[in-house]
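Colleague: Shown below is the structure under consideration.
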Amino acid sequence: MKKLLLLLFSLFFLSSPSVFADDISDFQIEGISIGDSLLDYITEEEILKEIEATKDLYYYLKEPHKYVEVYLWKDFPIYDMVSVKLLNISSSKYVTNKNEKYTILNLRGMIRFNEDFDSCIQKRDEIAADLSKMFPNSQKKENVYSPAQDPSGESIIDAVYFDFDLGGEASVACLDYEETLRSENNWSEGLEVTIDTVEILSWLRDKR
């Protein structure tokens, strides 16, 4: 099943003319783009419920509540999970237009590879090779590190990044959490494809 999902992923990118652009707003994950209003995909009630549930996810940042993450609990054809990040509602009360208030600033799609890191890396490398051909002018870099959520340092993120001249970043990575930590938090691990705006990247990198 995972092979089929990755094949669909590759076909989607290869068949979409927008992926040859250098603007991250042209990227899509499950038909969703940076700059869209989240209200086009779920209701405001669903958004507010998710914001409350995920409000403390980024406790390790200097401004942990500046932005919020919303998970879209739907059956997607390619990804097992999709989430987006928005400006925190309490930080955007001055915005009267609801569509602007719920503007998508980050996209993340995940395919589960629980306890199968080697298979994840293999698929990650295939996708990264495709992206390198599609975006020859982007700045490619690789990094292996332990996520801030794991103070033990035993969890691993092995990622390939593509930086764009117009700002923003696309990445494809494999997550391998320390097993006790993953079980206690009911986290999934596996392949992640992420699209970030400049403001989200700056926020995520500003840790305590």
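Colleague: Of all residues in the range 77-90, which are outside any loop (DSSP other than H, G, I, E, B), at pLDDT below 95 and either within 11 Å of the chain's Cα centre (by Cα) or more than 18 Å from Glu52 (Cα to Cα) (or both)?
Modeller: Met81
Colleague: Six or more apart or on different chains, Cβ atoms under 9 Å: show the pairs whose first residue is in the range 47-61 and surrounded by 13 or more Cβ atoms within 10 Å (Cβ to Cβ) and of a type in the set (Val, Ile, Thr) and whose second is assigned to a helix (DSSP H, G or I) and at pLDDT 90 or above.
Modeller: Ile47/Leu38; Ile47/Leu39
Colleague: Hey, another quick one. Going residue by residue through the range 14-23, is there one that turns out to be assigned to a loop (DSSP other than H, G, I, E, B) and at pLDDT 90 or above? Reasoning before the result, please.
Modeller: Quick first cut of the range 14-23, residues assigned to a loop (DSSP other than H, G, I, E, B) only: 16, 21-23.
Of the ones still in play, those that are also at pLDDT 90 or above are none.
Among the residues of the range 14-23, not one is assigned to a loop (DSSP other than H, G, I, E, B) and at pLDDT 90 or above, which makes the answer no.
Colleague: From Lys93, Lys49, grab the single residue that is in a loop (DSSP other than H, G, I, E, B) and at pLDDT below 95.
Modeller: Values: Lys49 fails: in a loop (DSSP other than H, G, I, E, B).
The match here is Lys93.
Colleague: Would you be able to tell me the number of residues in the range 156-182 that are of a type in the set (Val, Ile, Thr) and touching a helix residue (DSSP H, G or I) at 6+ places or on another chain (Cβ under 7 Å)? Quick ask: steps written out before the conclusion?
Modeller: Taking the range 156-182 as the starting set, the residues that turn out to be of a type in the set (Val, Ile, Thr) are 156-157, 160, 172, 180.
Still in the running and touching a helix residue (DSSP H, G or I) at 6+ places or on another chain (Cβ under 7 Å): 160, 172.
Total meeting the criteria: 2.
Colleague: Same structure, new question: Please give the number of the condition Gly35 fails out of (1) of a type in the set (Gly, Ala, Ser); (2) surrounded by fewer than 14 Cβ atoms within 10 Å (Cβ to Cβ); (3) under 22 Å from Ser155 (Cβ atoms).
Modeller: Going through the list (1) of a type in the set (Gly, Ala, Ser); (2) surrounded by fewer than 14 Cβ atoms within 10 Å (Cβ to Cβ); (3) under 22 Å from Ser155 (Cβ atoms), Gly35 breaks only (3).
The values are calculated or read from the model by the stated rules, or taken from the named source; none is laboratory data. Small disclaimer: the values here were computed from a predicted structure and weren't measured. For neighbour counting, all protein chains shown are included, and Cβ atoms are generated from backbone atoms with ideal geometry for every residue, glycine included.
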